[in-house]
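**Q** The structure follows.
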Amino acid sequence: MTIPVIIDCDPGIDDVMALTLAFAHPELDIKLITTEPGNQTQEKTIHNALTFTSYMKKNIEIARGLDKPFFRKLEIADKVHGENGLGNVEFPEPTIQVSNRPAIEAMKETLLSSDEQIILIATGPLTNVGALLLAHPEVKSKIKYISYMGGAAVGGNMSPTAEFNVYVDPHAADIVFRSGIPIVMSGLDVTHKAYVTIEEINEMEAIGSDFASKVSQMLRFYIHSAKQTAFHAPNFENQIHLHDLCAVSYVLTPELFEGDNCHVAVELEGKYTAGTTIVDYAQQTGLPHNVKVLHTINREKFVEQFFHAVKQMSAD
Ligand code: RIB
Ligand code: CA
């Protein structure tokens, strides 16, 4: 039984780790990949998606999304993901062309033409998804749920309370969180527990393939760069969180995770809190549950799953 998905991302080191897991599992029927700015500009994220998907020898439609957030000035994470967005690790030039359909059009047509509901996996700012829902609300019934890496119940990595993906485009996130579509949120509460250690990275490199070498180079870059910013979880030393991988892993193996259903709202304009996800764990607002907020992960099995995906994609 295959699971139809659309992946919306901003590659990005952990975005390509998420794509690796998705590509390694044929039970995921990837209908479309769309990109937006976030870790890098749209120019670079679309190029990275084309490059990585070509390198992985996958023939999947890749459509270019919007170039900037709804209202805010684009802030990118080049200090964390590097000048090229992939830890400055070089890949061969892409062999696949960008789709002639813009992302919003491609998402709409893919969803409306599907005879079954599709899971939307989102691992970057929600600019494309927010715009899709504003322009084509009729697609809502075709989205089974959104597996989203973003937000946090506690803490933040772009401000004391805001996580990067929501911080970059809180207005788009607000549209998505208020859409009525079920959301499973892999926020920092769970992604800070979803880490790999330098020893595990060394084991991955020992697989010996060109891909395993590229993965370990990107992850070492990520460990180093994240330490220079607040992107790193507090008191992290030689570990790095694979945030976006959670959004794919949940779709494949939800049993690795635990979470709670609650109401989540997005703060839009706070002087210190814009981009914060307000997670009402204690049901104080009395507002309806719209999100399953993940907070626990079986890290060992998660890393094992990723290791096998790297091995699998090294063999292909
Ligand atoms: O806060 C982590 C998120 O920001 C991840 O999606 C990472 O790729 C960056 O986009
Ligand atoms: Ca991302």
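**Q** Considering only protein heavy atoms and a 1.4 Å probe, what is the carbon-and-sulfur percentage of the accessible area of the stretch 199-316?
**A** Solvent-exposed carbon and sulfur of the stretch 199-316 make up 51 percent of the total.
**Q** Once amide H atoms are built 1.01 Å from N in the peptide plane, which residues 5 or more positions from Leu28, or in another chain, come under 5 Å H to H?
**A** Ile3
**Q** Now a separate question. What ³J(HN,Hα) values, in whole Hz, does the Karplus curve 6.51 cos²θ - 1.76 cosθ + 1.60 give for the stretch 66-81 when θ = phi - 60°, with x put for Gly and Pro?
**A** Those phi angles translate into 6, 9, 7, x, 3, 10, 6, 5, 5, 10, 9, 10, 5, 5, 9, 9 Hz.
**Q** What longest range of the chain stays clear of loop-exposed trypsin sites (Lys or Arg not before Pro) (DSSP non-H/G/I/E/B, at most 11 other C-beta within 10 angstrom)?
**A** With a cap of 11 other Cβ atoms within 10 Å, the longest stretch comes to 74-270.
**Q** Right, here's the next one. Given a Förster distance of 25 Å, report the FRET efficiency between Gln283 and Val154 from their Cβ-Cβ distance, rounded to the nearest 0.05.
**A** 0.90
**Q** Follow-up question, since we're still on this one. Identify, among Ala18, Pro4, Met107, the residue whose Cα sits farthest towards the positive end of the charge dipole of the stretch 1-155, taking +1 on the Cβ of Lys and Arg and -1 on the Cβ of Asp and Glu, with the dipole about the Cα centre.
**A** Selected residue: Met107.
**Q** Here is a further query. Non-local amide H neighbours of Ser99 (under 5 Å, H modeled in plane, Pro and chain starts lacking H): which ones?
**A** Ile62, Ala63, Arg64
**Q** Continuing with the same structure: For the chain, give the share of DSSP beta bridges that are antiparallel, in percent and rounded to the nearest 5; count only bridges with both residues there.
**A** DSSP beta bridges in the chain are roughly 35 percent antiparallel.
**Q** Have a look at the stretch 210-316 and give its Rg and Dmax from the Cα atoms, expressed in angstrom.
**A** Every Cα atom of the stretch 210-316 included, Rg and Dmax give 17.4, 52 Å.
**Q** Continuing with the same structure: Heavy-atom accessible area per residue, the chain, 1.4 Å probe: how many Å²?
**A** 39
**Q** Percentage of Cα-Cα pair distances in the stretch 32-140 greater than 20 Å, rounded to whole percent?
**A** For the stretch 32-140, the fraction of Cα-Cα distances above 20 Å is 41 percent.
**Q** Quick check: with the 1.4 Å probe, what order do Glu75, Glu237 take by accessible area, largest first?
**A** Listed by decreasing accessible area, they come as Glu237, Glu75.
**Q** Could you order Thr127, Thr285 by accessible surface area, starting with the largest, using a probe radius of 1.4 Å?
**A** Per-residue accessible area, sorted high to low, gives Thr285, Thr127.
**Q** Counting only protein heavy atoms, what percent of the accessible surface of the stretch 52-180 is carbon or sulfur at a 1.4 Å probe?
**A** 54
**Q** Another question about this same structure. Give me a comma-separated list of calculated 3J(HN,Hα) values for the stretch 178-183, in order, Karplus coefficients 6.51, -1.76, 1.60 applied at θ = phi - 60°, integers in Hz, x for any Gly or Pro.
**A** Once θ is set to phi - 60°, the couplings for the stretch 178-183 become 9, 6, x, 7, x, 10 Hz.
**Q** Here's a follow-up. Rounded if a/c is under 1.5, else prolate if a/b beats b/c, else oblate: with a ≥ b ≥ c from the C-alpha gyration tensor eigenvalues square-rooted, which is the stretch 68-190?
**A** It is oblate, given that a/c is not under 1.5 and a/b is not larger than b/c.
**Q** Report ³J(HN,Hα) in whole Hz for each residue of the stretch 277-294, in order, from the Karplus equation J = 6.51 cos²θ - 1.76 cosθ + 1.60 where θ = phi - 60°; Gly and Pro get x.
**A** Rounded to whole hertz, the list is 8, 8, 9, 8, 4, 8, 6, 6, 7, x, 7, x, 5, 10, 9, 9, 9, 7.
**Q** Given the Cα-Cα distance of Thr229 and Asn100 and 0.36 nm per residue of separation, how much length would full extension add, in nm?
**A** In short, 42.7 nm is gained.
**Q** Additional query: Using only Cα atoms, figure out Rg for the chain and give it as a multiple of 2.2 N^0.38 Å.
**A** With N residues counted in the chain, Rg over 2.2 N^0.38 Å equals 0.91.
**Q** As a test question: what accessible area, to the nearest 10 Å², does Tyr148 have when a 1.4 Å probe is rolled over all protein chains in place?
**A** Using a 1.4 Å probe on the heavy atoms, I get roughly 0 Å².
**Q** Give me the net charge of Ala265's neighbourhood, meaning all other residues with Cβ under 11 Å from the Cβ of Ala265; Lys, Arg count +1, Asp, Glu -1.
**A** Neighbourhood net charge equals -2.
**Q** How large is the dipole of the chain about the Cα centre if only Lys and Arg carry +1 and Asp and Glu carry -1, each at its Cβ, rounded to the nearest 20 debye?
**A** So the dipole magnitude of the chain works out to roughly 400 debye.
**Q** Would you grab the residues whose amide H sits under 5 Å from the one on Gly270? Only those 5+ places off in sequence or on another chain, please, with H modelled 1.01 Å from N.
**A** Those lying under 5 Å, H to H, from Gly270 are Gly275.
**Q** With a sphere of radius 13 Å drawn around the Cβ of Glu43, what net charge do the other residues whose Cβ falls strictly inside it have (Lys, Arg +1; Asp, Glu -1)?
**A** Here the count lands on -2.
**Q** From the helices alone, meaning DSSP H stretches of at least four residues, give me the mean residue ellipticity at 222 nm for the chain, per-run term -39500 (n - 2.57), in deg cm²/dmol to the nearest 500.
**A** -11000 deg cm²/dmol
**Q** What number results when the radius of gyration of the stretch 261-316, computed over Cα atoms, is divided by 2.2 N^0.38 Å?
**A** 1.78
**Q** Quick check: convex hull of the Cα atoms in the stretch 29-92, volume per residue, rounded to a whole Å³?
**A** It comes to 89 Å³ per residue, whole-number rounded.
The values are calculated or read from the model by the stated rules, or taken from the named source; none is laboratory data. Note that this is a predicted model, so its numbers are computed, not measured. Heads up, the Cβs are rebuilt from the backbone with ideal geometry, glycines too, and the neighbour counts pull from every protein chain shown. Only protein heavy atoms, including side chains, enter the accessible area calculation; ligands, DNA and RNA are left aside. Shrake-Rupley method; radii C 1.70, N 1.55, O 1.52, S 1.80 Å.
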